[in-house]
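Taken together, the values in this text are just the output of simple stated rules run on the coordinates, not laboratory data. All values derive from a computational prediction rather than experimental measurement. Note that we place each Cβ from the backbone using ideal geometry, even for glycine, and neighbour counts take in every protein chain shown.
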Amino acid sequence: MGANSDFVKRDTAVVWHPCTQMKDHEWLPLIPIRRGQGVWLEDFEGKRYLDAISSWWVNLFGHANPRINAALNGQLQQLEHVILAGFSHAAVVELSERLVKLVPPGLTRCFYADNGSSAVEVALKMSFHYWRNQGRHKKTKFITLANSYHGETLGALAVGNVELYKQTYAPLLMDVITVSGPDCFLRESGESWEAHTRRMFAHMQQTLEQHHDETCAVILEPLVQCAGNMRMYHPMYLQLLREACERYGVHLIADEIAVGFGRTGTLFACEQAGITPDFMLLSKGLTGGYLPLSVVLTRDEIYQAFYDDYTTLRAFLHSHSYTGNALACRAALATLDIFREDKVIENNRVLAAHMGKSVAGLAEHPHVAEIRQHGMILAMEMVKDKHAREAYPWQQRRGLAVYQHALKRGVLLRPVGNVVYFMPPYVITQPEIDLMAQVAAEGIELATREN
Ligand SMILES: *Cc1c(COP(=O)(O)O)cnc(C)c1O
């Protein structure tokens with residue numbers, strides 16, 4: 001018995017893992033990690049794995065980053081946590097000042113929570129409550145896009161649209177209005193991304209026209225629907241939506257929890273459309289992948305609609321125990337320092353271009369329908385029939401075969417469905433990208449060999 005399997009026995013006796021059918025672990029080994037360094041994770045037996053998915057899209061500058069470690073050590077000597085209601089601390093104020101300067105102009109208020117789903121809940125409640133404070137009691141609905149994902153708590157699940165996560169809980173979820181989205185994988189052959197995106201906006205336009213009176217907000221993931229199989233679209237959609245929301249008096253909630261902090265090639269995805277949403281949600285990369293933290297940024301006008309004498313009961317009485325945790329805020333500040341001191345966005349352009357080149361050969365693969373990329377997110381969609389774009393039956397778990405092969409070769413790839421993707425930490429090198437691409441190509445070949 002090796003060190004890994006000894007440890008795994010202890011684990012599976014007491015731990016219930018997220019997003020996992022635990023029975024799979026009768027034959028699919030869990031991997032215990034004893035240390036991380038840069039893009040590399042090391043298991044209990046010394047085998048190393050390149051973390052090509054940034055440990056579920058959170059890590060930006062590598063594991064055990066010396067600069068973030070140092071900042072956290074400093075914070076630990078001062079203050080680990082303090083209640084944020086009635087109290088404050090340096091890290092949360094500094095972080096808020098810096099975020100407000102970095103996000104699209106007009107977002108001037110920061111409300112903190114401690115994970116992405118909670119930030120979604122905050123934004124939904126805040127939008128609803130804003131309209132209520134304005135006397136608009138009919139506004140109780142949210143509009144969401146097909147194939148969207150916003151987290152797992154009940155409100156976030158309700159506004160998401162990934163069947164696999166949602167269907168079971170349907171009886172518990174609030175009603176939402178779901179609109180066909182701009183997902184460019186579904187474009188007509190020969191149609192450009194921009195033309196498809198424009199054409200699909202007609203559905204949103206129609207829905208807003210019909211439902212704006214009862215709608216609080218539209219919520220969407222700018223540019224990439226990550227959990228929805230890394231489907232992508234053109235920034236034009238965000239521009240059209242921003243204008244339409246303005247016209248119809250409906251809030252726009254931009255969930256940048258996954259795409260924020262440089263993933264799509266700009267610090268925030270909304271920048272590519274030049275828009276300011278009414279609410280912008282950040283988490284995941286916010287702390288460089290160190291600690292759970294999320295923030296909802298909003299406009300002053302929204303903040304002011306809650307600002308009144310206590311007895312009017314207009315205040316936003318929402319909290320989480322760890323709201324604005326000092327260590328998490330300090331990790332976020334250290335992360336922003338790295339963006340400021342290194343030319344991260346600029347350097348990423350070179351890495352992104354290299355990533356694109358490294359898998360270009362797969363474009364002709366008979367079972368790869370498409371290779372798509374927005375900045376540091378690259379996805380390859382495996383299909384049964386390339387021309388009809390016919391999906392493999394989900395029961396065949398082709399993505400899992402890629403995952404297993406990659407692990408053997410020392411790369412952590414974790415396909416979503418049949419989509420193999422890269423979303424690596426920004427400290428990855430070109431040779432490491434080449435390794436990741438080589439292993440992905442082998443995995444895809446293996447997984448699609450049998451029809
Ligand atoms: C991950 C994710 C969430 C949920 O964040 P958690 O921290 O996992 O609750 C919400 N929205 C998007 C777009 C995400 O990718």
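When a/c is below 1.5 the answer is rounded, else prolate if a/b is larger than b/c, else oblate, so apply that to the chain with a ≥ b ≥ c taken from the square roots of the Cα gyration tensor eigenvalues. Before the final figure, lay out each step's value.
Details: a/c = 1.65, a/b = 1.21, b/c = 1.36.
Oblate is the answer for the chain, as a/c is 1.5 or above yet b/c matches or exceeds a/b.
Order of 221-230, 396-405 by packing, highest average Cβ count within 10 Å first?
Working: 221-230: 24.9, 396-405: 19.5.
Answer by packing, highest mean first, reads 221-230, 396-405.
Starting from the amide H of Tyr426, placed 1.01 Å from N in the peptide plane, find each other amide H under 5 Å away whose residue is 5 or more places distant or on another chain.
HN-HN under 5 Å from Tyr426: Phe61, Gly62.
Could you calculate the contour length gain from Gln396 to Trp27, that is, 0.36 nm times the residue separation minus the distance between their Cα atoms, to one decimal place in nm?
Contour length minus the Cα-Cα distance gives 131.2 nm.
Efficiency by 1/(1 + (r/R0)^6): what FRET value for Arg34 and Leu173, r their Cβ-Cβ distance, R0 = 41 Å, to the nearest 0.05? The partial results should precede the final answer.
Numbers: r = 40 Å, r/R0 = 0.97.
The computed FRET efficiency comes out at 0.55.
Highest mean first, how do 18-27, 233-242, 105-114 rank when packing is the count of other Cβ atoms within 10 Å averaged over residues?
Going from most to least packed, we get 233-242, 105-114, 18-27.
May I ask you to order 198-209, 124-135, 55-66, 163-174 by the average number of other C-beta atoms within 10 Å around their residues, highest value first? Walk me through the numbers on the way to the answer.
Working: 198-209: 16.6, 124-135: 18.7, 55-66: 20.3, 163-174: 11.2.
Output ranking for 198-209, 124-135, 55-66, 163-174: 55-66, 124-135, 198-209, 163-174.
In nm, to one decimal, how far is the Lys101 label point from the Tyr310 one, both placed 7 Å along Cα→Cβ?
3.5
Return a whole-number percent for the relative contact order of the range 346-451, with Cα pairs under 8 Å and 6 or more residues apart as the contact set. Present the calculation step by step, with values, prior to reporting the outcome.
Working: 155 pairs, mean separation 29.4, N = 106.
Relative contact order, the range 346-451: 28 percent.
Counting pairs of alpha carbon atoms under 8 Å apart in space and at least six apart in sequence, what relative contact order in percent does the range 237-381 give? Could you put the intermediate results ahead of the total?
Values: 172 pairs, mean separation 30.2, N = 145.
Reported relative contact order: 21 percent.
Given R₀ = 56 Å, what would the calculated FRET efficiency be for Glu209 paired with Asp6, taking r from the Cβ atoms and rounding to 0.05? All intermediate terms of the calculation are to be shown ahead of the outcome.
Working: r = 62 Å, r/R0 = 1.11.
The value I calculate is 0.35.
Suppose a student asked you for the relative contact order of the chain, using Cα pairs under 8 Å spaced at least 6 residues apart; what percent would you report?
Numbers: 847 pairs, mean separation 89.8, N = 451.
20 percent.
Say each of Leu164 and Glu243 gets a label point 7 Å from the Cα, pointing the same way as Cα to Cβ; how far apart are those two points in nm?
Label-label distance for Leu164 and Glu243, simple model: 3.7 nm.
What is the calculated FRET efficiency for Val15 to Gln404, with r their C-beta to C-beta distance and R₀ = 25 Å, to the nearest 0.05?
Numbers: r = 21 Å, r/R0 = 0.84.
After rounding, the FRET efficiency stands at 0.75.
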